[in-house]
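Everything below concerns the one structure shown next.
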Amino acid sequence: MSGAWHPLRVTAPARPLVFGGHSIAGRLGKSGIPDWSIAETWEVSDVDGNQSTVTEGPWAGATLRDLVAHDPEGLMGRGWSGEHFPLLTKFIDAAGALPVHLHAADAAARRREGQPNGKTEAWHILDAAPGATALCGVRQGVTAEQLHRALLDQDFDAVLRRLPVRAGETIYVPGGTLHSFGPDTLIYEIEQTSDVQQHAMRWNMEDGSEVPEEEWHANLEAVMDEVDLEARPDFHAGLRIQVGDGVERVFCCAGPHFALERWRAGTVQPIRRSSETAQIITNVGAAVTVRVEERSAGLGPAETLVVPAALGEVEIEGPADVLVGYLPDLERDVVAPLMEAGYSRELIAALGEGLEGDAPAG
């Protein structure tokens, strides 16, 4: 494995789970996926058994984990170290409802699952039918005993919050939060690199088959052990900044594990975004060209590029509509630009975790 860094095009395997449909291809325009019901495409992944591999250039065939081992700072930024690529991104087509489930927070994942970290995630809503809803978090005042009884009865609305879902909004979902969304909901998800999950349903999401009784009760015990009864996140429209003539930057969510921005541009000025960490650029509009230094790469509808930290600035000509995910320095990358634009700490804190506190000095 050798050669200078360049934008990385990686594999994005598709998963045909029972709640899937045809929206990733039909609504987003993604090509090269099977012509059957697809629930998820894993756009960027370093999860064991589902690792993305580079598809072209001198590193073709290398996994993201190979690149982390080769040059962690070149990929992720100065001072960064780790054993795996820290971000996982997906398109999810919830043509049907997802199972009610949760992902362990970091401490629970280490204690119960033997994993280095859990999975906090965020959903950015790309499309949703009128009246679409999501279950997210336990209602205030519900006790552990009441929750367990409702899970046994499969009466989720008795104990979980049901929230309206609107295109363009985002919700930051900490590990330990019971949740589900769908039907008729299409999202982009960004999360910690992990596949830990505990399901409360009596059916398997892979094929819809019934979960055996003993296994189901064990699943509920795990859910009750890992659930956070106080997690009640809400959807947020994001915080907008005009960064040029016809160029809009929207901070969708942010926390210690990831941040997500949506950038749109017309034809007057291009999108220009500098970064000191890797950028995951996912196109949710028409085909565009991404320019980095002297290199350029086409990015079709619903395609993704990973731009290593060593490459710095990205330029995208409009019209463009792209999502940018990254591992943030919260003060530098999120708080500082938003406060400069006039947003308060209170508004910024609504984007996720770790954004509270006093304003930086100076």
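The values are calculated or read from the model by the stated rules, or taken from the named source; none is laboratory data. The model shown is predicted, which means the values in this text are computed figures rather than measured ones. Note that we place each Cβ from the backbone using ideal geometry, even for glycine, and neighbour counts take in every protein chain shown. With ligands, DNA and RNA removed, areas are computed over all heavy atoms of the protein, side chains included. Shrake-Rupley method; radii C 1.70, N 1.55, O 1.52, S 1.80 Å.
Averaging sequence separations of C-alpha pairs under 8 Å and six or more residues apart, then dividing by the length of the chain, give the relative contact order as a whole percent.
Contact order relative to length: 18 percent.
Quick check: pseudo-label points 7 Å beyond the Cα along Cα→Cβ at Glu73 and Ala129, how many nm apart are they?
Taking the simple label geometry, Glu73 and Ala129 are separated by 5.3 nm.
For the stretch 1-86, what's the relative contact order in percent, using C-alpha pairs closer than 8 Å and at least 6 residues apart?
Across the stretch 1-86, relative contact order equals 28 percent.
State the percentage of accessible surface on the stretch 169-304 attributable to carbon and sulfur atoms; use a 1.4 Å probe and exclude ligands, DNA and RNA.
Within the stretch 169-304, the accessible surface is 44 percent carbon and sulfur.
What percent do you get for the relative contact order of the stretch 97-184 when only Cα pairs under 8 Å and 6+ apart count?
The value is 47 percent.
Spin-label point model (7 Å from Cα, Cβ direction): what's the Ala349 to Thr55 distance in nm?
Label at Ala349, label at Thr55, 4.3 nm between them.
Dipole size in debye (nearest 20) for the chain around its Cα centre, Lys and Arg Cβ +1, Asp and Glu Cβ -1? Intermediate results must be reported in sequence, preceding the final value.
Details: 28 positive and 55 negative charges, 157 e Å.
Result for the chain is approximately 760 debye, rounded to the nearest 20.
Which sequence of Asp228, Asp234 reflects their accessible areas, 1.4 Å probe, from the largest down?
Ranking Asp228, Asp234 by accessible area, largest first, yields Asp234, Asp228.
For Asp245 and Gln146 in the same chain, what is the full-extension length gain: residue separation times 0.36 nm, less their Cα-Cα distance, in nm?
Value of the extension gain: 30.3 nm.
Could you do me a favour and compute the accessible area per residue for the chain, 1.4 Å probe, result in Å²?
It amounts to 41 Å² per residue over the chain.
For Gln115, put the label point 7 Å out on the Cα→Cβ axis and report which residues of the stretch 156-183 keep their amide N under 17 Å from it.
Residues 173-180 qualify, since their backbone N sits under 17 Å from the label point.
What is the extension gain from Ala336 to Glu213, computed as 0.36 nm multiplied by their sequence separation minus the C-alpha to C-alpha distance, in nm to one decimal?
39.1 nm
Work out the FRET efficiency for Glu313 and Glu356 from their Cβ-Cβ distance, taking R0 = 51 Å, and round it to the nearest 0.05.
Values: r = 31 Å, r/R0 = 0.60.
In this case the efficiency is close to 0.95.
Which of Ile280, Gly82, Gly300 sits closest to the plus end of the dipole of the chain, meaning its Cα is farthest towards the positive end, when Lys and Arg get +1 and Asp and Glu get -1 on the C-beta?
Gly300
Calculate for the chain the 222 nm mean residue ellipticity that helices alone would give, adding -39,500 (n - 2.57) per DSSP H run of length 4 or more and normalising by residue count, nearest 500 deg cm²/dmol.
Here the helix-only value at 222 nm equals -3500 deg cm²/dmol.
Using the beta-carbon distance between Arg27 and Arg202 and R0 = 22 Å, what value does 1/(1 + (r/R0)^6) give for FRET efficiency, to the nearest 0.05?
0.10
Roughly how many debye, to the nearest 20, is the charge dipole of the stretch 238-360 about its Cα centre, given +1 on each Lys and Arg Cβ, -1 on each Asp and Glu Cβ, and no other charges?
Roughly 300 debye, rounded to the nearest 20.
For a quick check, take a GNM of the chain with Cα springs below 10 Å and name the residue from Ala336, Ala134, Ala122 with the largest mean-square fluctuation.
Largest GNM mean-square fluctuation: Ala336.
Enter the angle in degrees (range 0 to 90, nearest 10) between the Cα long axis of helix 144-153 and the first principal axis of the Cα atoms of the chain, meaning the one along which they spread out most.
80 degrees
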